[in-house]
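Below: the structure, in structure tokens.
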Amino acid sequence: MATRIAFIGLGNMGGGMAANQAKAGHAVSAFDLSAAALERAKAAGCTPVGSVAEAVRDAEVIITMLPAGPHVLQVYSEQIIGAAPSSALLLDCSTIDVDTARKVAGLAREGGYAFADAPVSGGTMAAEAGTLAFMVGCDEGDFPRIEAALEPMSRATFRAGDHGAGQAAKICNNMILGITMLGTCEAIALAEKLGLDPVKFFDIAAKSSGQSWSVTSYYPWPGPVPTAPSNRDYEGGFATAMMLKDLKLAQDAAAKAGASTPLGAQSEALFQLFDRLGYGGRDFSGILQMLRGRLEDLPRA
């Protein structure tokens with residue numbers, strides 16, 4: 001059965017996500033500040049609209065994919081809550097801080113809305129393929145409805161807990177990813193220095209105790225994993241600037257919670273350096289070239 005969906009935010013992730021909702025047969029009213037993004041959404045079967053208010057006016061489900069916490073708070077407090085039908089389901093798939101997610105949830109509850117923070121894992125390829133993993137913070141009774149709304153974009157949807165728990169799961173998960181990618185890149189750089197072929201090292205590590213997602217699904221050396229950005233000069237995938245954003249969120253959360261995260265802090269510092277050298281637009285696995293001392297081989301982006 002077709003659902004009226006408002007999709008706000010059509011960037012690298014949101015564009016593919018909105019397209020999969022349209023592909024599933026839903027009526028998607030799409031809004032973004034970028035005219036080019038709206039054109040791509042139209043080509044994918046969405047209906048471009050001129051404002052958030054127009055998108056949400058008759059929506060049954062509202063999905064947002066926005067850059068940061070201040071954008072999410074502003075859009076919900078000023079343009080969605082009160083403008084959308086109170087029966088609409090509100091789903092924020094942005095990656096933001098836990099406190100802002102809980103604040104928006106409180107505003108939504110006061111307005112009579114069901115709301116979830118539902119950040120994603122999987123990157124742009126999964127967004128386009130409809131195979132993202134969603135980590136949801138919501139009231140338990142709302143979860144079946146939320147899971148059904150996310151299904152066209154999802155390979156797995158988890159209820160992490162109450163409001164804010166989705167964001168907590170996302171930043172903790174991505175801290176693991178940042179740390180393991182750095183470990184993988186350091187090991188490859190060392191293997192190369194020791195005369196070990198990095199492709200042969202993949203064959204070994206993928207079947208040994210060093211195995212991780214960063215090795216088997218996203219190996220940062222060209223060849224062993226054909227879909228990895230390492231085969232495309234580290235274009236696409238998960239931008240360094242986005243990994244840095246998530247690591248900063250993790251460090252901010254750790255400071256507030258009094259948690260010790262020394263490897264997370266070191267990872268943030270290294271990705272910060274890579275970003276400041278001009279590689280924020282390259283996939284985060286491209287940090288291998290910095291660790292190899294071969295940045296001249298990597299075009300800035």
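The values are calculated or read from the model by the stated rules, or taken from the named source; none is laboratory data. Quick caveat: nothing in here was measured; it's all calculated off a predicted structure. Cβ sites come from the backbone with ideal geometry, for glycine too, and all protein chains shown count toward neighbours. Heads up: the accessible areas ignore ligands, DNA and RNA and are worked out on the full protein's heavy atoms, side chains in. Shrake-Rupley method; radii C 1.70, N 1.55, O 1.52, S 1.80 Å.
Worth a mention:
- Flag for I80 being at pLDDT 95 or above and over 15 Å from the mean Cα position of the chain (by Cα): yes
- Residues located in segment 114-148, provided they are over 20 Å from G16 (Cβ atoms), touching a Leu at 6+ places or on another chain (Cβ under 7 Å) and surrounded by fewer than 23 Cβ atoms within 10 Å (Cβ to Cβ): A114, R145
- Hits in segment 224-265 - residues which are touching a residue at least 40 places away in the same chain (Cβ under 8 Å), more than 19 Å from G16 (Cβ to Cβ) and in a loop (DSSP other than H, G, I, E, B): D233, Y234, T261
- Among (1) open to solvent by 10 Å² or more (accessible area, probe 1.4 Å); (2) in a loop (DSSP other than H, G, I, E, B); (3) closer than 30 Å to G286 by Cα, the one test that D203 misses: (2)
- Residue tally, condition crowded, with 19+ Cβ neighbours inside 10 Å and within 20 Å of the chain's Cα centre (by Cα), over segment 87-113: 13
- Per-region count, segment 106-128, residues within 17 Å of I96 (Cβ to Cβ) and either modelled with pLDDT of 95 or more or not hydroxyl-bearing (S, T, Y) (or both): 9
- I146 falls short on exactly one of the conditions (1) touching a Gly at 6+ places or on another chain (Cβ under 8 Å); (2) among the aliphatic types (A, V, I, L, M); (3) more than 30 Å from P229 (Cα to Cα), and that condition is (1).
- Every condition in (1) on the phi > 0 side of the Ramachandran plot; (2) open to solvent by 50 Å² or more (accessible area, probe 1.4 Å) is met by D162 except one, and the failing one is (1).
- Any hit, segment 53-62, residues being within 25 Å of D252 (Cβ to Cβ) and either surrounded by fewer than 20 Cβ atoms within 10 Å (Cβ to Cβ) or at pLDDT 95 or above (or both): no
- Whichever residue in segment 230-287 is among the charged types (D, E, K, R) and under 16 Å from N173 (Cα atoms) and, among such residues, is least open to solvent (accessible area, probe 1.4 Å): D246
- When V49, V28, V72 are checked against the criterion of being within 26 Å of G164 (Cα to Cα) and either in contact (Cβ under 8 Å) with a residue 12 or more places away in the chain or open to solvent by less than 20 Å² (accessible area, probe 1.4 Å) (or both), a single residue qualifies: V72.
- From A84, A6, residue being open to solvent by less than 30 Å² (accessible area, probe 1.4 Å), over 20 Å from Q167 (Cα atoms) and in a strand (DSSP E or B): A6
- Among residues of segment 119-150, those that are closer than 22 Å to F238 by Cα and assigned to a helix (DSSP H, G or I), counted: 8
- Test: residue in segment 57-64 that is among the hydrophobic types (A, V, I, L, M, F, W, C), assigned to a loop (DSSP other than H, G, I, E, B) and either more than 22 Å from F134 (Cβ to Cβ) or more than 23 Å from the chain's Cα centre (by Cα) (or both): yes
- Residues within segment 157-183 that are in contact (Cβ under 8 Å) with a residue 24 or more places away in the chain and part of a strand (DSSP E or B), tallied: 4
- Whichever residue in segment 271-301 is assigned to a helix (DSSP H, G or I) and touching a residue at least 60 places away in the same chain (Cβ under 8 Å) and, among such residues, is nearest to L194 (Cα to Cα): R292
- Only residues that are out of contact with any helix residue (DSSP H, G or I) (no Cβ under 9 Å at 6 or more places or on another chain) and closer than 16 Å to I63 by Cβ were counted in segment 150-175, giving 2.
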